[in-house]
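Shown next, in structure tokens, is the structure this report addresses.
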Amino acid sequence: MTARLLIVGPQGSGKGTQGVRIAEALSIPVVSTGDIFRANIKGGTELGLKVKAITDAGELVPDAVTSEIVRDRLSQDDAQAGFLLDGYPRNAAQVGHLDEFLAGRGEKLDAVILLDVPRAESLQRLTLRAEQEGRSDDTEEAIAKRLDIYESETAPIIDLYEDRGIVDRIDGVGSLDEITARIFAALEARGIARVSA
Ligand code: ADP
């Protein structure tokens, strides 16, 4: 069984953590654009040098660059039986790029997991993460910028997916395990089940 999933939610919604849990249980890779950019910045690659200032400012990397990276990643062998996208698409142009790429392969997204967390709660979690992890884009300014972009550009793409009937809105407030259980209940209702060990 294949599962082509997208997890979306505001910064600090816990989508990274939940994404890893879901992907592991379904035996599919997580494709996180933020992780790919951070790995390239750390490794000092050409791409890393190109995107460092952009990500530090909390701005979006150009769509063409991001979409090409995702296409390459989704073309690898381990993503053929499914994947969980985290951080992409995050605007309407990227939705178009992804649709086109998947349609070319006769594929489409099966479900969009929307983690619902109030802005006050995300801000609180992000401030804590900034203290604990010291990510270079977790400055007050970059956080505010990212949340603004989420609200103006990313939240609207959810409507596009709502129209396709593939959005599962999950209450993202609670314990990690409770939230994971809510996500699995929603996926199972779509016939997407854990791979038994
Ligand atoms: P967060 O969800 O906390 O904003 P991410 O790890 O998803 O963090 O992304 C970190 C940064 O990487 C973003 O602020 C942006 O600069 C860049 N980035 C990640 N995904 C995308 C994307 N889909 N399009 C453009 N830029 C992106």
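Laboratory data are not the source of any read-out in this text; all were calculated from the coordinates shown. As the structure is a prediction and not an experimental result, all values here were calculated from the model. Heads up, the Cβs are rebuilt from the backbone with ideal geometry, glycines too, and the neighbour counts pull from every protein chain shown.
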- Pairs to check: LYS50/LYS108; LYS50/LYS145; LYS108/LYS145. Give those whose C-alpha atoms are more than 25 Å from each other in this structure. LYS50/LYS108; LYS108/LYS145
- Query: If the chain were replaced by its equivalent ellipsoid, with semi-axes equal to the square roots of 5 times the Cα gyration tensor eigenvalues, what would those be, largest first, whole Å?
  - Reply: 24, 21, 16
- Item | Alpha carbon centroid spacing (whole Å) that separates segment 27-83 from segment 124-145 | 20
- Determine the relative contact order of the chain: mean sequence separation of Cα pairs under 8 Å and six or more apart, normalised by residue count, in whole percent. 34
- Just the Cα atoms of segment 151-197: what Rg and Dmax do they give in Å? 13.0, 41
- Item | Most to least packed among 169-176, 1-8 [average Cβ atoms within 10 Å] | 1-8, 169-176
- Item | More than 20 Å apart - percent of Cα-Cα pairs taken over segment 104-197 | 53
